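Here is the structure we will look at.
The values are calculated or read from the model by the stated rules, or taken from the named source; none is laboratory data. None of these values were measured; they are calculated from a predicted model. Virtual Cβ from ideal backbone geometry, glycine too; neighbours counted across all protein chains shown.
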Amino acid sequence: MKNLLRIMFFTFMLLTVTLSANTTLFASSVKEMTVTESFDKESGEVIFQGYGRMWPCIATNLREAGIEPDSVKKLLVKDGITILDSYVLMGAYESDDWINLTEMTLPKSIKKIQGDFSRCPSLKIINYAGTKEDWDKIIFRDNQDELFSKLEFHYSVDVPESDKSLADNAGDEIETVKILPDKKISCKLDYITEKLVVSGKGPLFISETVYDLDYSVYGLFYRGSDDNNCNIPRVRDVVIENGITKLCKNNFTDVYNSVSIPKSVTKIESNCFGNLDDNELYQEAIDNYRESENKKMDVYYAGSETDWNKIEIGDMNDELINGNLHFAEENAAAGNTMEKSPYTVYIIAGASVAVLLIAVVFVLIVIKRKKNK
């Protein structure tokens, strides 16, 4: 009996040592840890587990854990993660790319995949827990049709669930940040739709002494280190609600599909939209995006063209000035209700129905009285 116990003990110790030798845990370097990662050296498989949104640039952490990115052959994303960024498969540099990744297994919980997998040239197979119909409902930030047409898809595969203990630290799909120091203005970013809503009263001033990236809304949501810039969140549509009076320098230094500006804005400072500090490389990136998308930024203004011309707009706002301008009348025709909250719309609709009902009752009373006569 003692010999049997000894054998079982040494077998357990051997398995433990083997597991430790073959599996490496590496933690995300971002400020908010929402996903745990592990790497099996024997199979070359990386496993992500967690809940909600996961931050990109995890690939960079492989090197920090002593793992060469080109040793990764498979990726398993456990059920619970909802937003996957292709930058998890690459780092800030091409030397961090998972060039030998051949197979990915993804959960049905995925709602959005942003970025592309073009820097993973060996990718051949995608295993997905849902059906083909479920896959088609996933939001893709970039067009992947050409790549996906070359891949082999397996649907309705079994994907394990993430450890439930991680659920309390889920990455938010929608995040709201109140701007310091007085917190009178808040910015709400939807990571799935990539829509940013700015609300409050007063100028949209973001102090460089409090936030990273010099006055930019990026600084409010930025995670990571200075050499890990792919942790910058993506914003494609900006809605500035009524009450904001001034847009300041470097507030929106990126490329946007649209921006909605209220009548309360009276001044837009120099270099608020577009090129950060007149950087040539950045301008080239903006021009390339506009050319590839074949469209300018849509600018929806809640007032008239006369009101727009009264706004004091500084120089170096080419993205804004050269955009497709839509004024209040066009916004209304397009169903843009920037100046009305949903509750206002409901009240108007309800009042209209009530007036109609009163009119009907009045007509019925008149008809009845005539019959009685």
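The set of residues in region 295-318 being more than 29 Å from the chain's Cα centre (by Cα) and either of a type in the set (Lys, Arg) or in a helix (DSSP H, G or I) (or both) consists of GLU305, THR306, ASP307, TRP308, ASN309, LYS310.
Residue check: is PRO203 of a type outside the set (A, V, I, L, M) and touching a Cys at 6+ places or on another chain (Cβ under 7 Å)? Write out each step before concluding.
Numbers: of a type outside the set (A, V, I, L, M): yes; touching a Cys at 6+ places or on another chain (Cβ under 7 Å): yes.
In short, yes.
Considering only residues in region 39-59 that are out of contact with any Phe, Trp or Tyr (no Cβ under 6 Å at 6 or more places or on another chain), crowded, with 24+ Cβ neighbours inside 10 Å and over 19 Å from LEU123 (Cα atoms), the one that is modelled with the highest pLDDT turns out to be GLY50.
What strands (runs of 3 or more DSSP E) lie completely within region 124-182 and have 3 or more residues being surrounded by 12 or more Cβ atoms within 10 Å (Cβ to Cβ) and free of Cβ contacts under 8 Å to residues at least 40 places away in the same chain? Even if it seems obvious, please write down each step before you answer.
Working: elements: 125-128, 152-154, 174-178.
Counting at least 3 such residues, we get 125-128, 174-178.
Condition check for SER109 on (1) outside any strand (DSSP E or B); (2) out of contact with any Ser or Thr (no Cβ under 6 Å at 6 or more places or on another chain); (3) modelled with pLDDT of 95 or more: one failure, at (2).
Quick check on this structure: which one of GLU194, GLU146, GLU133, GLU175 is acidic (Asp, Glu) and on the phi > 0 side of the Ramachandran plot?
Details: GLU146 fails: on the phi > 0 side of the Ramachandran plot; GLU133 fails: on the phi > 0 side of the Ramachandran plot; GLU175 fails: on the phi > 0 side of the Ramachandran plot.
Answer to the check: GLU194.
The single condition among (1) loosely packed, with under 12 Cβ neighbours inside 10 Å; (2) acidic (Asp, Glu); (3) modelled with pLDDT of 90 or more that ASP307 does not meet is (1).
From the list ASP79, ASP85, which one is among the charged types (D, E, K, R), closer than 24 Å to PHE153 by Cα and modelled with pLDDT under 90?
On the way: ASP79 fails: modelled with pLDDT under 90.
Selected residue: ASP85, the only one of ASP79, ASP85 that is among the charged types (D, E, K, R), closer than 24 Å to PHE153 by Cα and modelled with pLDDT under 90.
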